[in-house]
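Here is the structure we will look at, set down as structure tokens.
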Amino acid sequence: MKILVAVKRVIDYNVQIRVKEDNSGVVTDNVKMSTNPPDDNAIEEAVKIKEAGKAKEVVAVSVGEEKAQETVRKALAVGADRGILVKVDGVIEPLAVSKILKKIVEKEKPDLVLMGKQAIDDDCNQTGQMLAALLNWPQATFASKIEVKEKSLEVTREVDEGLETIEVNVPAIVTCDLRLNEPRYASLPNIMKAKKKPIEQISAEDLGVDVKSRIEQIKVEEPPKRKAGIKVASVEELVQKLKNEAKVI
Ligand code: AMP
């Protein structure tokens, strides 16, 4: 089995997001960037499947600016065998990413594509589903457990009602939940070794994909500031305030 893993470079989840003064987006200059958290789970799962002897090769792919190479390099440091960077300038929407990934899938012919369930910058939760639709492949989204079988996968999914287990034939697209596993840290020797692993660079034009935006972003605003809370002295006072002031009971 060959596994392709999509990894996106996003603002680190610990960073306090600041909106640009002209409301055209969020500040990214001099801001710490990292791999989208569920994509770390996707890489971890691919490496675990390989370590269990059920996959021969793990290829990490990122779509983005030159700096997204760091994200691919990190995937190589935790066990991916080689990387692909599809270079695109500026913001790229899920539809364009999925069209690019489709071209990469046609070229690489993986048996499984692992992705994050959602990117924490755009919160779209669309790319995996769109890729499955474009390829006409089965999909299992929000995976919290993956079991590799002979020619299929048993995937446990996080759904509103609890856990759902489904079986999908390979080739398939699986999007990963944070509960899937505990991503490992890259050790210094492995970071050094990763420097020697190959990263192929391609441009979206080379793949013949039109990456023009289909969505016009009108403005980005900070959420309204929360008002300070108050302390009440007793349950009676709380009930009285909920009844007479908040009028919610
Ligand atoms: P989204 O649909 O934007 O919420 O992203 C869902 C998943 O698609 C992410 O967790 C990644 O695995 C993948 N993905 C989205 N954008 C990119 C990108 N630019 N490069 C690589 N993978 C991406």
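Here are some notes:
- All positions within region 161-197 that are under 22 Å from the mean Cα position of the chain (by Cα) and over 30 Å from Glu150 (Cβ atoms): Tyr185, Ala186, Ile191, Ala194
- Pairing residues of region 1-27 that are free of Cβ contacts under 8 Å to residues at least 40 places away in the same chain and over 20 Å from Pro37 (Cα atoms) with residues that are loosely packed, with under 14 Cβ neighbours inside 10 Å and among the charged types (D, E, K, R), at Cβ distances under 8 Å and at least 6 apart in sequence or on separate chains, gives no pairs at all.
- Restricting attention to region 116-170, the residues being in contact with a strand residue (DSSP E or B) (Cβ under 8 Å, 6 or more places away or on another chain) and charged (D, E, K, R) number 11.
- In region 41-63, the residues that are free of Cβ contacts under 8 Å to residues at least 12 places away in the same chain form no Cβ pair under 8 Å with any partner that is surrounded by fewer than 24 Cβ atoms within 10 Å (Cβ to Cβ) and polar (S, T, N, Q), whether six or more places apart or across chains.
- Count of residues meeting criterion [surrounded by fewer than 17 Cβ atoms within 10 Å (Cβ to Cβ) and in a loop (DSSP other than H, G, I, E, B)] in region 163-196: 6
- Residue in region 195-210 that is of a type in the set (A, V, I, L, M) and without any contact (Cβ under 8 Å) to a residue 60 or more places away in the chain present: no
- Of the strands (runs of 3 or more DSSP E) that lie entirely inside region 33-114, those containing 1 or more residues that are buried (at least 24 other Cβ atoms within 10 Å of the Cβ) and of a type outside the set (S, T, N, Q) span 57-64, 82-87.
Readers should treat all values here as calculations from the given coordinates under stated rules, not as data from a laboratory. Please read all numbers here as calculations on a predicted model, not as lab measurements. Glycine gets a Cβ as well: all are built from the backbone with ideal geometry, and neighbour counts include every protein chain shown.
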